[in-house]
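The values are calculated or read from the model by the stated rules, or taken from the named source; none is laboratory data. Keep in mind the model is a prediction, meaning the values are calculated, not measured. Quick reminder, even Gly has a Cβ in these numbers, built from the backbone with ideal geometry, and neighbours come from all protein chains shown. The area values use the complete protein model at the heavy-atom level, side chains included, leaving out ligands, DNA and RNA. Shrake-Rupley method; radii C 1.70, N 1.55, O 1.52, S 1.80 Å.
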Amino acid sequence: MVHEQAAARRTTAQNAPTTPKRRTRPSAPTRTVALRTATHAIGDGARRIDAATPAERDRAVDALRAFAILGVVLGHWLVTALVADGGALHTASPLQHMPWLAPISWVFQTLAVFFLVGGHVATKSYASARARGTTYGQWLRARLTRLFKPVAAVLTLWTVATVGLLASGTGVGTVHTLVKLALSPLWFLLVFAGLTAATPLLTRLNPLWPLAVVLHVDLMRFGLGGPSWLGWVNVAAGWMVPYTLGAAWTRGELDRRRAGWVLLLCGAAATAALVMWAGYPASMVGVPGAAVSNLNPPTLAAVTLGMAQCGLALLLRESLRRWMRRPLAWAAVALVNLSAMTIFLWHQTSMMAVTAVGLSAGRLPGLHMVPDGLGWVAARLAWLPVFAFALGVCWVAFRSYEQGPRRRSGRPSRVVRVHRRGGPAGSRTARGA
């Protein structure tokens, strides 16, 4: 009897329906521990980068370069729109429809600061190379290789993309718009490369000389009715002004705060006067359909604004040096500097990729609509994190063209390893790395 009851209980248990197990979410303490672990890991990595940096490095220079690059990226993302019109795409700008937004371009058109830092770093680098006995050709080859190596990936991808788009029946106008946006950053690299090559000649040049050239070119173009092609002289002369200011910084001529205040106040006053009374556009970037662009080619107003920005950058040096003593802030700036060219070259492509993918869902506000109101501005601000994510994907895919191949996992960083050894040799290696 007992055996029969036990068998019945086993049969009932076997035939009973089983309740699927629920997946349990990590408890709050578990999530807290994971977050704390990630925070500690980030902090530890930041401290290692901070420890690997030579004490004599001027971190304010790297901070200014990072802010200049990020300013250009955000500026393009905010004032460049790809409007879907039927089956074609064409460029538009909120500055066309809302000209009162022009002050945005005063903040985010930061190329002058990049040329300031570039002139400062190049002249210091060239003087150091001469002291080591490095020839001009060796020095220039090393600098241009680092500058142009990432360009190969952009040109290759867009060559393939152009052929694919045309083969798929995409309109020539749309393809031209996309390619022009994607490759527009290259003009900046060509100018920067030319000024880098001329560094030995520009080391002692007073910035007032190229400024005088810009002034006379604009006077002939706008005041005396000269040919418009004269403006292209300003492509070299205009960007030579902040570049030679960087050389003056290297010579120690801009160390006093008075120099920064003079540049800031005189540059701002001259820009305001040129916009209000001389007929220069208020926008410091090109606006589709506008008769005159302050940037393409550079005008006197763009150059004086750049001088004001350079003055502000010089005034902020001490504050930036103090801020960069914080390991997390310095680590972020160092990582941006390591990928500066990758970020600069791929930020337009990442924006266009998001725009193209979004078309599959229809015309979306902030992406494909005409930028003619504050609603578009709000929608575009919401899209910025998506653009940043797409740029992150491009960074993962193409950063090796700028930084070189990634080390094998488990192998310690040469920068940190050498720094820990100490001594002059370790400092020299870490500085080079």
Checklist line | Boolean, Gly194 is farther than 21 Å from Met341 by Cα and of a type outside the set (Phe, Trp, Tyr) | finding: no
Notebook entry, point to check: Just wondering, is there one or more residues in the range 292-308 that are at pLDDT 95 or above, part of a helix (DSSP H, G or I) and surrounded by fewer than 20 Cβ atoms within 10 Å (Cβ to Cβ)?
Noted result: no
Notebook entry, point to check: Of all the residues that make up the range 232-291, how many are farther than 21 Å from Val79 by Cβ, of a type outside the set (A, V, I, L, M, F, W, C) and part of a loop (DSSP other than H, G, I, E, B)?
Noted result: 6
Next item on the list: Find all pairs meeting these conditions: Cβ atoms under 6 angstrom apart; at least six residues apart or on different chains; first residue within the range 78-95 and free of Cβ contacts under 8 Å to residues at least 60 places away in the same chain; second residue aliphatic (A, V, I, L, M) and surrounded by 14 or more Cβ atoms within 10 Å (Cβ to Cβ).
Entry: none
Notebook entry, point to check: Counting only residues that are open to solvent by less than 20 Å² (accessible area, probe 1.4 Å) and touching an Asp or Glu at 6+ places or on another chain (Cβ under 9 Å), which one in the range 78-104 is nearest to Tyr280 (Cα to Cα)?
Noted result: Met98
Margin query: Just to be sure I understand, how many residues within the range 204-219 are surrounded by 15 or more Cβ atoms within 10 Å (Cβ to Cβ) and at pLDDT below 95?
Written below: 0
Check: Given the conditions (1) of a type in the set (A, V, I, L, M, F, W, C); (2) within 27 Å of Leu274 (Cβ to Cβ); (3) surrounded by 14 or more Cβ atoms within 10 Å (Cβ to Cβ); (4) within 18 Å of the chain's Cα centre (by Cα), which single one is not true for Val107?
Finding: (3)
Notebook entry, point to check: Within the range 220-231, can you find the residues that are open to solvent by 90 Å² or more (accessible area, probe 1.4 Å) and not in a helix (DSSP H, G or I)?
Noted result: Leu224
Item checked: Of all residues making up the range 25-59, the number that are at pLDDT below 85, open to solvent by less than 50 Å² (accessible area, probe 1.4 Å) and among the hydroxyl-bearing types (Ser, Thr, Tyr) -> 0
Checklist line | the range 318-355, residues that are open to solvent by 60 Å² or more (accessible area, probe 1.4 Å) and over 16 Å from the mean Cα position of the chain (by Cα) | finding: Glu318, Arg321, Arg322, Trp323, Arg325, Arg326, Leu328
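Taking the range 136-158 on its own, how many of its residues are polar (S, T, N, Q) and under 23 Å from the mean Cα position of the chain (by Cα)?
2
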